Structure formats: C-alpha cells, structure tokens
Amino acid sequence: MDSIRVAVYLSICLSLLCVCRGQMSTDNQLSSQEEQFIKRDLAEALEELLDREQDNRLSVEKKASVIPRCDVGERCAMKHGPRIGRLCDCMRGTACNTFFLRCY
C-alpha cells in the first residue's frame, strides 16, 4: 500500500514537472542554475513527503479498528452484560453466532 502511495506521489510530481515545462515560453526560459535550484527543491520536498509517509505508516499499523481474523469454531465474541464485544472477524462464508459466540 505504501509503495502504491509513493508511486502516485512520484507520478504526480513528474506530471507537474512535465506540464510546467510545456507551458514555458521562449521569453521566460530559466537558466541552468535556476533549473538546478528548482530540481533540488522538488527533490527535498519529495524526500520530506516520503519521510512523513514512513512515520504515518507506523500509526496505521497500531489502529484499534483493525480486527484480526478467526477460524471456524473459534470464539469470536464476548458477552458484557447485554452487550456483545467482538474479539475477531470470522472468515469468509462464516458468521459469528450470537448465542454460542463462536464462528459457524
């Protein structure tokens, strides 16, 4: 998933660079030194973006909303008084039986 995001960000940056180059007129051409500064700034911005994505990746792995999978016959829920709390998500084709609190 992260590699897909990186590929999308890189393709957006490259497409913006190509579009901007296509709109330049002959009167407003940049010198080679100015082009190097722009490329360096783009590279630094992309590097910062990628560093932030790696930091965010750690927080995605720790989300509490992700429920692990459980096999058929395993306990999938707990009863807390009148409420039922889910322990895991049953595999495809099965459902959590609310009476036995197991995947069937």
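How far apart, in nm, are the 7 Å Cα→Cβ label points at D51 and R86? Calculated label separation equals 3.8 nm. Computed over protein heavy atoms with a 1.4 angstrom probe, the accessible surface ordering of E35, E47, largest first, is E47, E35. Could you tally the net charge around M91, taking each other residue with its Cβ under 13 Å from the Cβ of M91, Lys/Arg +1 and Asp/Glu -1? Value of the local net charge: 0. With all protein chains in place and ligands, DNA and RNA left out, the 1.4 Å accessible area ranks R75, R52, R83 as R83, R52, R75, largest first.
The values are calculated or read from the model by the stated rules, or taken from the named source; none is laboratory data. Being a predicted model, the structure only gives us computed values, none of them experimental. Counting neighbours? That spans all protein chains shown, and the Cβs are built from the backbone with ideal geometry, glycine included. With ligands, DNA and RNA removed, areas are computed over all heavy atoms of the protein, side chains included. Shrake-Rupley method; radii C 1.70, N 1.55, O 1.52, S 1.80 Å.
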